[in-house]
1. What are the residues in segment 213-248 that are aromatic (Phe, Trp, Tyr), in a helix (DSSP H, G or I) and open to solvent by 20 Å² or more (accessible area, probe 1.4 Å), if any?
2. Name the residues in segment 259-283 that are of a type in the set (S, T, N, Q) and in a helix (DSSP H, G or I), would you?
3. Kindly establish whether Gly284 is in contact (Cβ under 8 Å) with a residue 40 or more places away in the chain and open to solvent by less than 20 Å² (accessible area, probe 1.4 Å).
4. Report yes if some residue within segment 249-258 is outside any helix (DSSP H, G or I) and within 16 Å of Leu114 (Cβ to Cβ); otherwise report no.
5. Look at segment 210-234 and say how many of its residues are under 19 Å from the mean Cα position of the chain (by Cα) and of a type in the set (S, T, N, Q).
6. For segment 72-97, give me the residue count where each residue is at pLDDT below 85, surrounded by 24 or more Cβ atoms within 10 Å (Cβ to Cβ) and not in a loop (DSSP other than H, G, I, E, B).
Amino acid sequence: MNFILHMIEHTIKDTWTMFPLLLLTYIVLEIFERRETNDDKIFFGLQKYGPLLGALIGLLPQCGFSVLAAILYCQNNISLGTMIAVMVATSDEAIPILVANPSMYDSLIRLLALKFIIALISGYIIDLIIKPHIIRFEDMIDEEEIEDEQSDDNVPSQMGCNCCYPQYPLIISALLRSLKIFVFLFITSFVITIVVEQISEESLSMILMNNSMIQPVIAALFGFIPNCAATVVLSQLFASGQIHFGSLLSGLVTNAGLGLIALFSYSENKKEVIKVMMILMVIGTISGMICYVI
């Protein structure tokens, strides 16, 4: 019983800061979904700076931003490159752990610099290769005109509103949507926390194949554990000298906190999650292997 209570407490600590971010995001989304005018040129004009903003935001030690990026991507409000930039730059608990160890400051600065550069370059390259499918200003006007022509009722169109609870006031709808995704993320994080807690640090060191050339590859796979516990373990193993810096970088690149869980929950096309994981795996493995051999 005490173990379960400890796990619940640990999960609350890991996830509670996400709720205010989720609520704020949904309030903003509700405003755009319920708007009656099309004056969104500034909003959509800023999207071309998405990967840059995503890389900067991702550096903040808060895995909730990857969740928000996944939700915004599923809402067609940001590009794939922008979401990937946020996920690549995200380091979550690795930053506080390395900050707490003065001997790790050089590694921390190098880590943040590399994560930002990799996230920035990757985001823009992805958007060049895979054209953004964000809803643009002109497309929204055309879509609204078509919907108005085809509408058989008197209910006003809400720009293809993806709003789950249009019958409620904006704040109530945003609150319900935030609670819905937060509960899902909490349960998922709770289960993963229990699993990770049962594995000792020595076992993880063996799993990550210490002093092996393929360690960055294994670390990249380990990073896919959708929980901040993965970043804690990777950071602690690096601080104790059991994994290489390249492996730390590789694992932190693929670890997007609960972002992948949110993407799976919200995306209509579940294959999208596999595509994103493959992209992260390629980026993480290449980055980690380069740092490992240098």
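The values are calculated or read from the model by the stated rules, or taken from the named source; none is laboratory data. This one's a predicted model, so the numbers in the text were calculated from it and none came from an experiment. A quick note on method: Cβ atoms are made from the backbone with ideal geometry, for glycine too, and the neighbour counts reach across all protein chains shown. We work out accessible area using only protein heavy atoms, side chains counted, and drop any ligands, DNA or RNA first. Shrake-Rupley method; radii C 1.70, N 1.55, O 1.52, S 1.80 Å.
1. Initial filter on segment 213-248 (aromatic (Phe, Trp, Tyr)): 222, 224, 238, 245.
Next, only the ones that are in a helix (DSSP H, G or I) stay: 222, 238, 245.
Phe222, Phe238, listed by residue number.
2. Going residue by residue through segment 259-283, those that are of a type in the set (S, T, N, Q) are 265, 267, 269.
Selection gives Ser265 alone.
3. Working: in contact (Cβ under 8 Å) with a residue 40 or more places away in the chain: yes; open to solvent by less than 20 Å² (accessible area, probe 1.4 Å): yes.
When the stated conditions are applied, Gly284 passes them.
4. Filtering segment 249-258 for residues outside any helix (DSSP H, G or I) gives 255-258.
Cutting the leftovers down to within 16 Å of Leu114 (Cβ to Cβ) gives us 255.
Yes; the residues of segment 249-258 include at least one that is outside any helix (DSSP H, G or I) and within 16 Å of Leu114 (Cβ to Cβ).
5. 2
6. Residues in segment 72-97 being at pLDDT below 85, surrounded by 24 or more Cβ atoms within 10 Å (Cβ to Cβ) and not in a loop (DSSP other than H, G, I, E, B): 1 in total.
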